[in-house]
1. With only alpha-carbon pairs counted, each pair once and no self-pairs, how large is the Kirkwood hydrodynamic radius of the range 316-407 in angstroms?
2. Most exposed first by the Cβ proxy, i.e. fewest other Cβ within 10 Å, how do ASP147, ASP354 rank?
3. Rounded to the nearest 500, what is the 222 nm mean residue ellipticity of the chain from helices alone, with -39500 (n - 2.57) per DSSP H run of 4+ residues and division by all residues?
4. Taking the range 411-555, how much of its Cα-Cα pair set, in percent, is spaced more than 21 angstrom apart?
5. Using the beta-carbon distance between GLU261 and HIS19 and R0 = 41 Å, what value does 1/(1 + (r/R0)^6) give for FRET efficiency, to the nearest 0.05?
6. Of all DSSP beta bridges in the chain, what percent run antiparallel (nearest 5)?
7. Let me have the relative contact order for the range 345-484, percent, based on Cα pairs under 8 Å that are six or more residues apart.
8. Per the Kirkwood definition applied to all pairs of different Cα atoms, how many angstroms is the hydrodynamic radius of the range 257-377?
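Just so you know, all these numbers are worked out from the coordinates, no wet-lab data involved. The shown structure was predicted, so the numbers you read here are calculated from the model rather than taken from an experiment. Neighbour counts are summed over all protein chains in view; Cβ atoms, including those assigned to glycine, are modelled from backbone coordinates with ideal geometry.
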Amino acid sequence: MESSRGTVAELVAARWGDHRPGLWFEERVLTHHEVAAGAAARAALLADLLPPGAEPHVGVLLDNTPEFPLWLGAAALAGAAVAGVNPTRRGPELARDIRHTECRVVITERAHLPLLDGLELPGVRLLVTDSEAYADLLIPYADARPDASRATPADRVLLYFTSGSTGAPKAAICSQGRLAAAGRSLADHFGVRPDDVHYVCMPMFHGNAVIADWAPALAAGAGVALRRRFSASRFLADVRRYRATYFTYVGRAVQYLLATEPRPDDRDNPLRLGFGTEAGAVDAAAFERRFGVRLVEGYGSSEGGAAVQWTPGTPAGAVGRAARGGDLVVLDPQTRAECPTAVFDPAGRLLNGDEAIGELVNRGPNPFEGYWRNPEADRERRRWGGWYWTGDLFYRDVDGFLYFAGRADDRLRVDSENLAAALIENILARYEGAAAVAVYAVPDPVAGDQVMATLAGDFDPLGFAEFLLAQPDLGTKMAPRFVRVVERMPVTATNKIHRAGLRREGFRCADPVWWRPPGAGAYRRLSAEDLAGLVAEYRARGREERIAKEPPASARGSSSVRRQGLEPRTR
């Protein structure tokens, strides 16, 4: 009987009996049939491991090894959900992610075991995939066959973390029906064929790799090639080796690829498409010129509540128009009035950003399925009559094309990861010389944000760098790129930290600013030459309008935001 393929489990089971090569990883090749059989074996093992009454959630703390897609398939067959665990999280925050999603089983590998040492994880069983004990566990289930009958479209299949301004990451829910539909939609949109090979080099604990790369390959019966971790230097060699035709990216990855040494044969590759976000028009054009591969920009909120789709004729710099079925508008979050359309100068620079930029809101039906055990966050997303507020800033041109303009709150997006300013502030507040700390985003020259901190108190650049290295819960992307040092923290009339003013001034302020140049571990004073180089980089990439103008000479030596004294933090 022909399946409706309404669940991920059905898509997994459909590959049973398909003996074409389907999964490549380093020197290993699995057929589609072997992938389906491996998922079935792990689904049967999971059914025996989960205690009665436990939530069917599996934490997966892995690099991009074959075990990751095998456990995605296993969870789908078992009617369970995978919670992707971010290995850049540390200490109690990492433990909190596992406990919050109520994972009673965590799948990991030896390389990540030190991250789990000493964590409080009561009742959690660890399975180490590169161990003999793990191989022995699977032996009794070797003859299992994939059975999709236990799964329904409403079953949770993913719990993926997205940070918010409150500090603690929220676990967004994705059902089997939504993931299967997303896979089919992208496969149809991009014409994915069974003989395509999707190169998965973005981390699979992120929704990007699972929803935009793995799912369309699964829906179309295409192959998947895995890279343990992204490598710019190995990218083209992998693409040629696996005959990859499609990949997903985030903007930083594209920048890294363009920074590799050009070769005469760069265009000699089988790729036909890259799909992702935040590459920037300048880098996307440079990528196509060098590698002969078109990059298609897209936008989809992590939680699935809004999507913007590129179509032919989309202007440079725009993401696209609302995807089918969406009623997307750009609203002033205070008045809920629709923002005026954008006005551009002849060079394409936005002239009326103060009026045109607002929050992207979906007033129509949307597939947002909520957050795990976080009703307050659910209500925030669906405030004002059930509309879906994305938390992202956009502006719209007269033809209805939408342009991404940043984050709507105190979140930062660094290398396509959402970070919470409050969480970083809590860590930096431990620094002995800090009387007060504020963390906020400044634009990255290419895409997304960089972390900037303002510190009131005593600042020793060497001691501060050593302090950062000693913090066990400071993730790899949380360390500030810029540190502004002030005598007193700038505040508003109500004695709240003047975050808007700090963001507005950025690193072009009157106060001393220390920075870590890319690739450096030490902080140094931001000089006039450094600043000129930075401004030139922003200008070359068409993002100069996103950084503050140089402060007037009369303001140098004292900030233009109002200052009041704040009491030192209690330690």
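1. 13.9 Å
2. By the 10 Å Cβ count, ascending: ASP354, ASP147.
3. Computed ellipticity for the chain at 222 nm equals -8000 deg cm²/dmol.
4. Result for the distance tail: 40 percent.
5. 0.55
6. Percent antiparallel among DSSP bridges in the chain is about 60.
7. Computed value for the range 345-484: 16 percent relative contact order.
8. After inverting the pairwise mean of 1/r, the radius is 17.1 Å.
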